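Each remark here refers to the structure printed beneath this line.
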Amino acid sequence: MADKYLGESIPKLGFGFMRLPRLPIDPSAPPAPGAGPFGPQAPFDDEQISKMVDYFLDNGFTYFDTAFVYGGSEEALSRSLIKRHTDRSKYQIASKLNLGMVNDRKGMEDEFNTTMTRLDTPYLDFYLIHGLSGPSIQKADDLGAWDYVKELKEAGKVKHYGLSFHGTPEELDGIFTKHPDAEFVQLQLNYLDWESADVQSRKVYEVARKHNKPVTVMEPLKGGKLASETFAPAEDFKKADPNASSASWGLRFIADLEGIIVILSGMSAYDQIVDNVNTFKTLKPLTDADRALINKAAETISKYPGIPCTACNYCSPNCPQKINIPALISIYNEYLVYRDPNNVGGFMYNFQQAKAKDCVACGTCTEHCPQHIDIPDVLAKLSPLVDK
């Protein structure tokens, strides 16, 4: 169990509802009504999601994280959890207020009410002002977002309010100085980003500790990258513990930190939830040798060429050209690993409705990228390889 924060004691593994399993779909099928800008959208695999939810709960874990902008996620959480497990006191639900989609008080109210309708729940345990960094920090103040979430708590509609954050340590320090009533913060923490110059995981975590704010953790496995069983560090991990997965090393790194409410894993398959549950049910503190091995892994991975995209997809809905940016970055990363311009992307690229060459370099995607990737530059480098 976690230390007690916010009046509750929550098991440290949380279920992130952002990368849910989907059913197979024919990529040549025409777009269905309401399928979105990228062609046919595969429906969620509700049967598998429900099975994963049941396993998670049966093993004593209780925290579920979703958001207004995770397309279909809130509804999927309602179908697989709330409607099937009716004792609402047995688990916690977190969702988020995205300010990029509102311009006034009514917009915030409409977004919250939509979330509550989708989930069909009388209250949220945790409500976060979503993805604050740069200009959005001032926008939260200008819209009165902090007053609004405080009012939701006073009305009993949310139990705790805080923020998810993708900015600099200085920006986070400024938020907590101006809004000391914020109850918690969600940070991107993992061993690869711990000392990185862009995410600065260690430094933003230290700001949270300085202000005595408990932390919920996102991207502990860097969008699944640190769960790989084929990357170079996996061999060293197996030598140290043949029975432990690569993912378990990343999760244990975060679990060793103080002040953590919950560590969110965006589990997209049943075997992943089994492995993660096993990690937390048999959780072992890190030894000095373990820490040295994890540090070596971070150094090894940081030497790989690659774009640090986590496929969160905050970029694509704002793209005027409707480019599926995470898919194209994945293709470019494939090239950076294999360096074969004659087989980049292959079948996958043929079904992108918008191509890398369609990018107009407006920069809107970069403004929404939590990893601060120069996306137009990436697409400009990819285009000569695939747009022939």
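Rule-based calculations on the coordinates, nothing more; no lab input. Everything numeric here is computed off the predicted structure, so don't read it as measured data. Every residue, glycine as well, gets a Cβ built from its backbone with ideal geometry; the counts of neighbours run over all protein chains shown.
Would you mind putting 227-239, 176-188 in packing order, based on average other-beta-carbon counts within 10 Å, highest first? Don't jump to the answer; show the numbers that get you there.
Values: 227-239: 15.2, 176-188: 18.6.
Put in order of decreasing packing, that is 176-188, 227-239.
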Item to check | Using θ = phi - 60° and Karplus 6.51 cos²θ - 1.76 cosθ + 1.60, couplings along segment 149-162 (whole Hz; Gly, Pro as x) | outcome: 5, 5, 5, 4, 5, 4, 7, x, 7, 9, 8, 9, 10, x
Item to check | Pairwise label distance in nanometres, residue 150 with residue 138, each label 7 Å out on the Cα-Cβ vector | outcome: 2.2 nm
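Take the Cβ-Cβ distance between residue 283 and residue 113 as r, set R0 to 41 Å, and report the resulting FRET efficiency rounded to the nearest 0.05. Before the final figure, lay out each step's value.
Details: r = 39 Å, r/R0 = 0.95.
Using R0 = 41 Å, I get an efficiency of 0.60.
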Item to check | Residues with amide H under 5 Å from that of residue 22, placed H, sequence gap 5 or more | outcome: 45
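What's the extension gain from residue 101 to residue 361 if we count 0.36 nm per residue and subtract their Cα-Cα distance? All intermediate terms of the calculation are to be shown ahead of the outcome.
Details: separation 260, 0.36 × 260 = 93.60 nm, distance 2.15 nm.
Result for the pair: 91.4 nm of gain on full extension.
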Checklist entry - How many nm separate the modelled label positions at residue 42 and residue 257, each set 7 Å beyond the Cα in the direction of the Cβ? => result 3.1 nm
Item to check | Bins of 10 Å, starting at 0 and running to the largest distance - Cα pair percent for segment 170-236 | outcome: 20, 44, 24, 10, 2
Checklist entry - Tell me, what ³J(HN,Hα) does each residue in segment 56-72 have, in order and in whole Hz, if you take phi through Karplus 6.51 cos²θ - 1.76 cosθ + 1.60 with θ = phi - 60° and put x for Gly and Pro? => result 4, 5, 4, 9, x, 9, 9, 9, 10, 10, 9, 6, 4, 8, 7, x, x
Next on the checklist: Counting other beta carbons within 10 Å of each residue's own, what order do 246, 78 fall into, fewest first?
Outcome noted: 78, 246
Checklist outcome for this item: Under 5 Å from the placed amide H of residue 124, counting only residues 5+ away or on other chains, we find 158, 159
Checklist outcome for this item: Across 5 Å bins beginning at 0, the whole-percent shares of Cα-Cα pair distances in segment 177-301 come to 2, 10, 21, 23, 20, 13, 6, 3, 1, 0
Checklist outcome for this item: Note: the chain, point scatterers on Cα, Debye, no solvent; log10 I/I(0) at q = 0.09, 0.13 Å⁻¹ equals -0.53, -1.19
Checklist entry - Around residue 261, which amide H atoms from residues at least 5 apart in sequence, or from another chain, sit under 5 Å from its own amide H, with H modelled in the peptide plane? => result 215, 216
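Restricting to Cα pairs below 8 Å that are 6+ residues apart, what does the relative contact order work out to for the chain? Please round to a whole percent. Intermediate values should be presented prior to the final figure.
Values: 624 pairs, mean separation 59.3, N = 388.
Reported relative contact order: 15 percent.
Within a 10 angstrom radius of the beta carbon, how do 101, 267, 218 rank from fewest other beta carbons to most? Could you put the intermediate results ahead of the total?
Details: 101 15, 267 28, 218 25.
The fewest-first ordering by Cβ neighbours comes to 101, 218, 267.
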Checklist outcome for this item: Quick calc, residue 206 & residue 229: beta-carbon distance into FRET formula, R0 35 Å, rounding 0.05, result 0.65
Item to check | Projected-area mean, segment 53-191, by convex hull of Cα positions, square nanometres | outcome: 9.0 nm²
Checklist outcome for this item: Listed by chain and number, the aspartates and glutamates with an alpha carbon less than 14 angstrom from that of residue 296, same-chain partners under 8 positions apart left out, are 193, 195, 235, 236, 288
Next on the checklist: At a 4.7 angstrom Cβ threshold, list every cysteine in the chain that has nobody to pair with, or say none.
Outcome noted: 309, 312, 319, 359, 362, 369
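When ranked by the protection proxy of mean other Cβ atoms within 10 Å per residue, highest first, what sequence do the peptides 147-154, 86-93 form?
147-154, 86-93
Between residue 86 and residue 240, what length comes free when the chain is fully extended (0.36 nm per residue of separation minus the Cα-Cα distance, one decimal in nm)?
Numbers: separation 154, 0.36 × 154 = 55.44 nm, distance 4.30 nm.
Length gained between residue 86 and residue 240: 51.1 nm.
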Checklist entry - Using the Karplus equation 6.51 cos²θ - 1.76 cosθ + 1.60 (θ = phi - 60°), what ³J(HN,Hα) coupling, rounded to whole Hz, does each residue of segment 265-277 give in order, writing x for Gly and Pro? => result 10, x, 6, 10, 7, 4, 5, 5, 5, 4, 5, 5, 4
